[in-house]
Amino acid sequence: MRALAILVMLSSACTDTVGISRRPVVGLILGAPSSSVGWLFAQQIETGADQESVAQGVTLMVLAPPSNDAGDQIALVRQLGTQSLDALIIDPMDSTILAPPLSEIDARGIPVLTVHRVIGDGEYGAGGPEDFPRTHVGSNDHNGGRIACDLLASRINATGRIYVQTPTPTDARMQGCIEVLGEKYPAMTIAAHDINGQSEEVARQEATDALAADPSIAGILCTDTSSALAVADLAPRQPVVGFDPSTETLDHLADLSMAASLAQKPQSMGRLAVKFAMAAVRRHQILPRLIDPGFVVLDNANAHHLEMAAYVY
């Protein structure tokens, strides 16, 4: 896997691109430095983008920020802005401060697409200064929460009180779970909800206290990696459903201290982002505002399969 800047030069020429006689160039700015925990996810996005670039016959320029400072991404946007670019894909590290430099790219007639994370509130096309990206390719976390609650319901016979941990107070995955509980599972209720701020230490203590305070809890939903690993470390008797599996998650699935983990599809994100970037360049279609690759469920039965490696990050 390549590091900070990659030029993938491909031999096939593009013959159906509107207004372009040369091979099209697509820029991809990854959303994590190589030293961060998000690098594996970023690498998977790059892998998918590479694959689609070969299929589309384009040159892919890939840049990764040197740190977690969104200002580094701004510098990369400006750097690519000096190139003969036909489309730009970015996983924005900040939803606000990246909007102005990206809007400058858009103003030059270069399609901008976001992948994994959004600019502004992600409501592209609804009006306002941050709705210029052509589309967003990323997981619909609200739907993910619905799927996770369905999984948990199947493990506890759709009956009982559940404990939920989230990294932030406004968590789309939890909202999806609340929605599906109201629609399908009248015998299930949320007994307690804790916010861990993405700290495993906080998550572990909160879960310990919640389970001790309410022995009737039947199942546990953790909407981020930190809480899922922390709670599974406690080896609770209740089934745990988590998100975003890591290599440690595989151990917990193997010993059943975690019942299931929902994985995003970063390789699919990369492939779809390049595919729709070229659709915008070639003007083949009006792009949907949201392209959701969906989720994959890992559990004890399939987590060891080789094809699941693409969903561990």
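The values are calculated or read from the model by the stated rules, or taken from the named source; none is laboratory data. This one's a predicted model, so the numbers in the text were calculated from it and none came from an experiment. FYI the Cβ positions are ideal-geometry reconstructions off the backbone, even for glycines, and counts take in every protein chain you see.
Being within 20 Å of residue 43 (Cβ to Cβ) and out of contact with any Leu (no Cβ under 9 Å at 6 or more places or on another chain) holds for only one residue in 269, 308, and it is 269. Taking the criterion of being closer than 21 Å to residue 146 by Cβ and surrounded by fewer than 19 Cβ atoms within 10 Å (Cβ to Cβ), the residues of the stretch 241-291 that qualify are 288, 289, 290. Taking the stretch 226-240 as the search range and keeping residues that are within 21 Å of residue 41 (Cα to Cα) and of a type outside the set (A, V, I, L, M), which one is surrounded by the most Cβ atoms within 10 Å (Cβ to Cβ)? It comes out as 227. Scanning the stretch 172-219 for residues being surrounded by 13 or more Cβ atoms within 10 Å (Cβ to Cβ) and either outside the structural domain of residue 147 (by TED's automatic domain parsing) or assigned to a helix (DSSP H, G or I) (or both) gives a total of 21. Just to be sure before I move on: is residue 89 modelled with pLDDT of 95 or more, of a type in the set (A, V, I, L, M) and under 18 Å from residue 288 (Cα atoms) in the structure I sent? So residue 89 passes the test.
For the stretch 58-83, residues that are more than 23 Å from the chain's Cα centre (by Cα), at pLDDT 95 or above and more than 19 Å from residue 114 (Cβ to Cβ) total 1. Within the stretch 230-257, being without any contact (Cβ under 8 Å) to a residue 60 or more places away in the chain and of a type in the set (D, E, K, R) holds for 233, 237, 248, 251, 255.
Among the residues here, residue 287 does not qualify as free of Cβ contacts under 8 Å to residues at least 40 places away in the same chain and among the aliphatic types (A, V, I, L, M). Can you confirm whether the stretch 128-135 contains a residue that is over 21 Å from residue 217 (Cα atoms) and surrounded by fewer than 16 Cβ atoms within 10 Å (Cβ to Cβ)? The answer is yes; a qualifying residue exists.
Within the option set 127, 122, being in a loop (DSSP other than H, G, I, E, B), in the same structural domain as residue 105 (by TED's automatic domain parsing) and touching a residue at least 40 places away in the same chain (Cβ under 8 Å) holds for one residue only, 122. Residues of the stretch 93-150 that are of a type in the set (Gly, Ala, Ser) and either under 16 Å from residue 26 (Cα atoms) or in contact with a helix residue (DSSP H, G or I) (Cβ under 9 Å, 6 or more places away or on another chain) (or both): 109, 120, 138, 139, 144, 145, 148.
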